[in-house]
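Below you'll find the structure, written out as structure tokens, and then a few comments.
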Amino acid sequence: MSIPADPVKLMKQEVGKAAANLVKSGSIVGLGTGSTTAYTIQYLGERLKSGELKDIVGIPTSFQSEVLAKEYGVPLTTLDAVDHIDIAIDGADEVDPHKNLIKGGGAAHTREKVVDYLAKQFIVVVDGGKLVERLGSSFAVPVEVIPMAITPVTNAIKALGGKPELRMGVKKAGPVITDQGNMVLDVTFDSIDDPVNLEKTLNNIPGVLENGIFVNCADIVLVGEVIDGKPVVRQL
């Protein structure tokens, strides 16, 4: 007896695969973080193994993507060793109609931002549930903060009208600690009318390393949806 496939999982696989198929031989590839991007890394490994793809190197945005790349045989390099990134593939927690994003559900947004903005082409892979009319509709803005500054940054964010909450670990006592050794405040705003300025304003608070608002950087958004029980991928 065969177990019926989970359509949501199939859809994530299809979106991840569609993004992996856009990578050309000889490319330097930014490897994003998260469940959908994990399939992209897997398919890149399969394309390399079959010989369909040659001479690519990946730049991981997190410990998770580094581990997956090693598991699937995608060679890795660092930003010190390259002078550009051809293509970056990453997920998002929210995408608005202008292709602005909120990222950082996995607390990797600082490294992701470095890699995604450097890339000549940045491809976002999401499921239909991540599409919103306005950023901040369903997801808080993650803000990475150096530990000594957590109280003054919290106060500064409250003065901006945000409601900050320290992200706590799951199956771990205490707060989430990023790959850089910092903490994350998840900030809810009543409405984000101007994501471009909010991103700058948050980053100008002393003690903030980076926030999860990504503006003017996504080139292609691939959206996966389940229609009549079948996975469908469309471009935004």
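Here is how the numbers come out for the structure above:
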read-out	value
Residue pairs, from the table 99/172; 9/49; 171/230, whose Cα atoms sit over 26 Å apart	99/172; 171/230
Per-residue ³J(HN,Hα) for the stretch 97-106, Karplus 6.51 cos²θ - 1.76 cosθ + 1.60, θ = phi - 60°, Hz, x for Gly and Pro	x, 8, 6, 7, 10, 10, 10, x, x, x
Acute angle (nearest 10 degrees) that the helix 63-72 long axis makes with the longest principal axis of the chain, alpha-carbon atoms	0 degrees
Centre separation in Å (Cα based) which lies between the stretch 115-148 and the stretch 27-98	17 Å
Carbon + sulfur, % of accessible area of the stretch 1-129 - ligands and nucleic acids excluded, 1.4 Å	54 percent
Amide H contacts of residue 205 (H built 1.01 Å from N, under 5 Å, at least 5 apart or other chain)	none
Dimensionless Rg/Rh of the chain - Kirkwood Rh, Rg from C-alpha atoms	0.98
C-alpha long axis of helix 109-118 to longest principal axis of the chain, angle in °	60 degrees
Cα-based helix-to-principal-axis angle, 7-20 vs the chain, degrees rounded to 10	80 degrees
Residues with amide H under 5 Å from that of residue 121, placed H, sequence gap 5 or more	87, 88
Dimensions in Å of the stretch 160-236 - Rg and Dmax from alpha carbons	17.0, 50
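The values are calculated or read from the model by the stated rules, or taken from the named source; none is laboratory data. Quick caveat: nothing in here was measured; it's all calculated off a predicted structure. What goes into the accessible areas is simple: the full protein's heavy atoms, side chains included, and nothing from ligands, DNA or RNA. Shrake-Rupley method; radii C 1.70, N 1.55, O 1.52, S 1.80 Å.
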